[in-house]
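Scroll down for the structure; my scribbles are underneath it.
The values are calculated or read from the model by the stated rules, or taken from the named source; none is laboratory data. Being a predicted model, the structure only gives us computed values, none of them experimental. Glycine also receives a Cβ, built like all others from the backbone with ideal geometry; neighbour counts cover every protein chain displayed.
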Amino acid sequence: MKKTKVLSILLILCMTVSIALPMLTNKAYAVTKNEVTLNFKDGTIHDGYVEYSKKAKVQLFKGEELVADISNNMVIDLNEAEYKFVIEEIEDTSVTGANTPIKLNINNWYYPMTTIVGETKFTFNLDSSKFSGTLDVKLVRTRTVVNTTVKNVYNDISSKGVIDLTGGQEYVIDFSKDDELTNGLKSFADLDKTLYYKRDNEGLLATDNESEAVIKIVGNKSENKAILTAVNVGTKKSEVFKGFHTKYTGSALNYDGTDGGIINETRTDYYTRCTYEFTFQYVKEEVSPKEYKFTEGANQTYTIDESKNATFKIDADYSLFTNKVYVDNKLVDSTNYDSKSGSTVITLKDEYLKTLSVGEHTLKVAFSDNGEAITKFTIKEKDEASEDSKNTENNQNNEQENNNLINNNVQKDNTNANPKTGDNVIVYAVSFIIALLGIIALIIVNNTKRKNSRKH
C-alpha cells in the first residue's frame, strides 16, 4: 500500500511539471515575440499570393524568402525576421481612361508604399514597432483623397566618451542603461540586426560592405544588449569619430476626420538625433602621470608632542583634487586631513600623524588629470636629553637672574646709606651759612645791649 501511494504521488508531480513547464516556457518566450494575425479582407488566397480583383496581387516575404503557404488569419512574429509585402498592381481594363491609384489599407488606415523602380510593383515593410494584434489587410482603388500630414519629432542628445576595445575585446551596449555614452551608442544599434559602419570623413556611416567597415554592432534583443567590436583595425592604436547621426525610432498615425470627402490624418515620425564624439581605443597606451611640485612642506619633519599638524602646498589647481591622499601607498581617510584651495593645500592632522611609525614616510596626492605630487616626510620622537639640557639651562638662567636681582638690591641699599659727595658739600655749605648768620645775629644783639647800658 505504501509503495502504491508513493508511486501515485510521483505520477501526480510528473504530470503537474509536464503541464506547467510548457506554460512557463511559453511565457518566457512571449516576451521576445510580437505576433500579429494577418487577415486578407476581400482577397482571394492562391498558392503564394493573395489576389484583390482588378486591383493587385500581394505576396508575403520573410526576409528574402517568399512565404508560399500564405493564408487568411495566419500568424507571424514580426520580431523573428523582417516581413514585407510585395504588391503588383492589376490594371482594370473595365474602367475607361486611366486607372486610379491603388492604396494599401490596414485596419482602416492608409499606408504609403515604396515603388520598385522600373516595375509596376510596390513594397511595404511590416515594421514591428508600428504593428501588433490583428491586421486587416486590403487593397483599394478609390478616388478618395487621403491628406496625410507628416510631423517629425526629434530627440536631440549629445554623446562623448572612450570605448575600450583593447586586445580585440568586445564592448557591451546595455540598453537598460541611460548614461550619456550608452544613449549615443544605442542610436547606432538595432537589437534585431547586425550593422556595419565605415569612416565617412570624421564620422561614421552605415554600410553593407563588411570589408570597408571599422566597427560591427550585433543586436541581441533577448538580452536587451548589443555587442560592438572593431574590424579592419590594422596597426591603429585608436580612432576618433565625431559627427551627427539620426535614427528612426517609430511612428504614430492619428485620424483627424474627413473634410469634403478628403480623409485627414496625421502621421508622427520619431527620431533620435545624436551629436557624438567617440574615441575607440584599440591598443592600451601607457600614459606617464603628470608631476606636480610641492611649493611648501616638502621633506618636512614632524616631531611627536612638539609639532602641530603637517601642511603641504602643491602647485596644482584645487579643482583637480580627487580626495585621494596616500601615505606609503595606502589611501588616507578624509577625516585624517584637511584640504583647501591655494593652489592645493593638504594638512595631515596631528592625531593621524601620531599613529605613524617613527621614520621616513611617502606622501602622494592624486589629481583628476592623471597628475600626482609625491614627497617624503619624517616622523621624529621628542628628544628628552635635549629637553633636560634645556631645563637645566633655564634653571641656571633663572638662578643668575635671581643673583643679579639680589646684587642690584644691595647696591641700592648702599646708595641710600652713603650719600654722594656732591650732596655732602651742599649740606656743609648750608650749615655754615646758618651758623654764620647765627653769629652775626648774636653780635648785633650784644652791641644793642651795650648801648642801652651806657644810656642808663
For region 172-181, give me each residue that is under 18 Å from T279 (Cβ atoms) and crowded, with 18+ Cβ neighbours inside 10 Å. I173
Which of the residues that make up region 115-159 are more than 30 Å from D178 (Cβ to Cβ) and under 44 Å from the mean Cα position of the chain (by Cα)? F124, T148, T149
Pull out all pairs, ordered by first then second residue, where Cβ-Cβ is under 7 Å, the residues are six or more apart or on different chains, the first lies in region 39-50 and is under 15 Å from F85 (Cβ atoms), and the second is assigned to a loop (DSSP other than H, G, I, E, B) and among the hydrophobic types (A, V, I, L, M, F, W, C). I45/I70; G48/A68; G48/I70; Y49/I70; V50/I70
Mind checking which residues of region 253-294 are loosely packed, with under 13 Cβ neighbours inside 10 Å, among the aliphatic types (A, V, I, L, M) and in a strand (DSSP E or B)? I262
Check whether at least one residue in region 127-139 is loosely packed, with under 12 Cβ neighbours inside 10 Å, farther than 30 Å from R273 by Cβ and modelled with pLDDT under 95, and report yes or no. yes
Of (1) touching a residue at least 60 places away in the same chain (Cβ under 8 Å); (2) over 23 Å from the mean Cα position of the chain (by Cα), D315 satisfies every one except (1)
Pairs, please: C-beta under 6 Å, at least 6 apart or cross-chain, first residue more than 21 Å from F131 (Cα to Cα) and in region 244-263, second of a type in the set (S, T, N, Q)? F244/T275; H245/S187; G257/N264; I262/N147
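Is it true that some residue in region 233-246 is surrounded by 14 or more Cβ atoms within 10 Å (Cβ to Cβ) and hydroxyl-bearing (S, T, Y)?
Within region 233-246 (the criterion being surrounded by 14 or more Cβ atoms within 10 Å (Cβ to Cβ) and hydroxyl-bearing (S, T, Y)), the answer is yes, since at least one residue qualifies.
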Name the residue, out of G297, G359, that is surrounded by fewer than 16 Cβ atoms within 10 Å (Cβ to Cβ) and either among the acidic types (D, E) or touching a Ser or Thr at 6+ places or on another chain (Cβ under 8 Å) (or both). G359
Condition check for K151: within 30 Å of I262 (Cα to Cα) and at pLDDT 90 or above: yes
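Identify all residues within region 218-245 that are acidic (D, E) and farther than 18 Å from A189 by Cβ; write none if there are none.
Within region 218-245, E239 is the sole residue that qualifies.
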